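*Asks:* Below you'll find the structure I mean.
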Amino acid sequence: MSVSVIVPTFNEQDYIEDCIDSLLIGLKNFQEYEIIIVDGESNDDTVKIVNKFCKDNRKIKLVNNPKKTAPSALNLGLKFSKYEIIIRCDA
């Protein structure tokens with residue numbers, strides 16, 4: 001089974017690392033997966049933290065969300081997802 005996980009974020013530096021770690025544990029038995037972090041132009045260290053994960057795991061992607069709203073984040077996540085099964089997760 002293959003799954004895309006979309007995570008809308010904005011200023012989630014205190015939570016995003018635990019969120020991604022938790023997703024990686026939960027997805028370890030999936031044959032194929034991707035985690036799409038859609039960030040609403042955070043002004044804290046959220047993007048910096050996510051970029052560290054992206055360097056270590058090509059299945060984690062960071063997408064910029066200039067509209068900064070959750071609905072636009074979900075639409076962007078859907079646009080960039082490659083699997084039919086979609087899960088939304090909040091940081």
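The values are calculated or read from the model by the stated rules, or taken from the named source; none is laboratory data. Not measured: the values here are computed from a predicted model. Here the Cβ positions follow ideal geometry from the backbone for every residue, glycine too, while neighbour counts run over all protein chains shown. Please note that ligands, DNA and RNA were not included when accessible areas were found on the heavy atoms of the full protein model with its side chains. Shrake-Rupley method; radii C 1.70, N 1.55, O 1.52, S 1.80 Å.
*Asks:* Collect the residues in the range 81-91 that are loosely packed, with under 14 Cβ neighbours inside 10 Å and under 23 Å from residue 49 (Cβ atoms), keeping them in residue-number order.
*Replies:* Across the range 81-91, the qualifying residue is only 90.
*Asks:* While we're on this one: When the residues of the range 1-54 are narrowed to those that are of a type in the set (Ser, Thr, Tyr) and in contact with a helix residue (DSSP H, G or I) (Cβ under 6 Å, 6 or more places away or on another chain), which ends up nearest to residue 67 (Cα to Cα)?
*Replies:* Going through the qualifying residues, I end up with 9.
*Asks:* Yes or no: residue 52 more than 15 Å from residue 91 (Cα to Cα), among the basic types (Lys, Arg) and under 11 Å from the mean Cα position of the chain (by Cα)?
*Replies:* no
*Asks:* Hey, does the range 60-67 have a residue that's farther than 10 Å from residue 91 by Cβ and open to solvent by 90 Å² or more (accessible area, probe 1.4 Å)?
*Replies:* Yes, the range 60-67 contains a residue that is farther than 10 Å from residue 91 by Cβ and open to solvent by 90 Å² or more (accessible area, probe 1.4 Å).
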